[in-house]
1. Select, from 191, 197, 258, the only residue that is part of a strand (DSSP E or B) and either modelled with pLDDT of 95 or more or over 23 Å from residue 152 (Cα atoms) (or both).
2. Return the total of residues in the stretch 90-114 being more than 21 Å from residue 10 (Cα to Cα) and at pLDDT 95 or above.
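The values are calculated or read from the model by the stated rules, or taken from the named source; none is laboratory data. From a predicted model like this one, the values you see are computed outputs, not experimental measurements. A quick note on method: Cβ atoms are made from the backbone with ideal geometry, for glycine too, and the neighbour counts reach across all protein chains shown.
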């Protein structure tokens with residue numbers, strides 16, 4: 001059995017709907033983790049996507065942010081937002097259990113029973129995360145980015161205690177190393193390459209989360225985001241800031257990971273392109 005999971009920052013789902021639907025038809029991933037949908041739950045184009053056989057969970061927000069999960073399998077135990085800041089109302093995180101064979105049983109959102117949920121494709125927990133950009137390192141938005149990453153760290157630390165496959169995909173707004181940047185000198189000190197955010201990304205990895213793309217392509221210089229300005233895509237002036245982080249159980253089944261660069265070249269494209277991981 002093969003399961004394919006994609007992450008994609010669509011940069012507003014409504015103007016990108018045609019591209020999204022055509023990609024879903026052609027690529028047919030089993031699970032899709034969307035970011036920056038930029039609409040409230042009620043305005044999400046559920047009907048068009050459901051017609052393609054997807055179940056949907058949405059955590060939306062008017063005009064800004066917003067994340068969603070699309071799945072060809074049932075979604076259970078859906079949770080929205082991160083604990084740790086009751087004043088944070090930005091829609092940047094959604095999580096769910098994908099029940100591949102409809103056998104998973106969850107008890108009040110706590111640790112699943114190992115007897116009821118054996119380690120297999122029967123249970124797979126996924127999350128879609130949209131980490132704040134941070135604007136500039138000297139702005140008030142940068143500390144919010146670091147605080148969000150701290151809360152993400154605490155939550156994922158807890159999830160990793162569960163005996164299940166975990167995939168946390170999204171726009172992390174972090175290029176982990178200079179190998180993920182077309183011009184390291186140009187971007188040095190930016191909110192996407194700052195030492196502090198790279199440190200936070202390494203902390204997530206040190207928990208036991210693995211960067212799927214880098215595991216399979218250790219020496220590649222490929223990107224997932226290109227600025228709209230200055231012909232960034234045509235000149236390949238990109239950064240790899242969209243990632244799929246995997247638990248050890250997921251790594252055991254990892255068989256492929258690709259950046260679907262072609263979607264950045266379509267008409268009215270998002271400035272991000274899908275990253276797709278495959279498990280067998």
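1. On the way: 191 fails: part of a strand (DSSP E or B); 197 fails: part of a strand (DSSP E or B).
Matching residue, one of 191, 197, 258: 258.
2. Qualifying residue count for the region: 2.
Residue-wise test of (1) within 19 Å of the chain's Cα centre (by Cα); (2) within 21 Å of residue 36 (Cα to Cα).
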position: 182; (1), (2): no, no
position: 198; (1), (2): yes, no
position: 215; (1), (2): yes, no
position: 222; (1), (2): yes, no
position: 245; (1), (2): yes, yes
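So that you can scan it fast, the table gives a plain yes or no per residue for (1) free of Cβ contacts under 8 Å to residues at least 60 places away in the same chain; (2) surrounded by fewer than 22 Cβ atoms within 10 Å (Cβ to Cβ); (3) closer than 27 Å to residue 20 by Cβ; (4) touching a strand residue (DSSP E or B) at 6+ places or on another chain (Cβ under 8 Å):
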residue	(1), (2), (3), (4)
202	yes, yes, no, no
214	yes, yes, yes, no
219	yes, yes, no, no
228	yes, yes, yes, no
232	yes, yes, yes, yes
240	no, no, yes, yes
246	no, no, yes, yes
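Residue-wise test of (1) buried (at least 16 other Cβ atoms within 10 Å of the Cβ); (2) out of contact with any helix residue (DSSP H, G or I) (no Cβ under 8 Å at 6 or more places or on another chain); (3) touching a residue at least 40 places away in the same chain (Cβ under 8 Å); (4) closer than 13 Å to residue 240 by Cβ.
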{"residue": "131", "(1), (2), (3), (4)": "yes, no, yes, no"}
{"residue": "138", "(1), (2), (3), (4)": "no, yes, no, no"}
{"residue": "168", "(1), (2), (3), (4)": "yes, no, yes, no"}
{"residue": "171", "(1), (2), (3), (4)": "yes, yes, yes, yes"}
{"residue": "185", "(1), (2), (3), (4)": "no, yes, no, no"}
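Yes/no matrix, rows are residues, columns are (1) in a loop (DSSP other than H, G, I, E, B); (2) within 23 Å of residue 171 (Cα to Cα); (3) touching a residue at least 24 places away in the same chain (Cβ under 8 Å):
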| position | (1), (2), (3) |
| --- | --- |
| 61 | yes, yes, yes |
| 68 | no, yes, yes |
| 78 | no, yes, no |
| 95 | no, yes, yes |
| 100 | yes, no, yes |
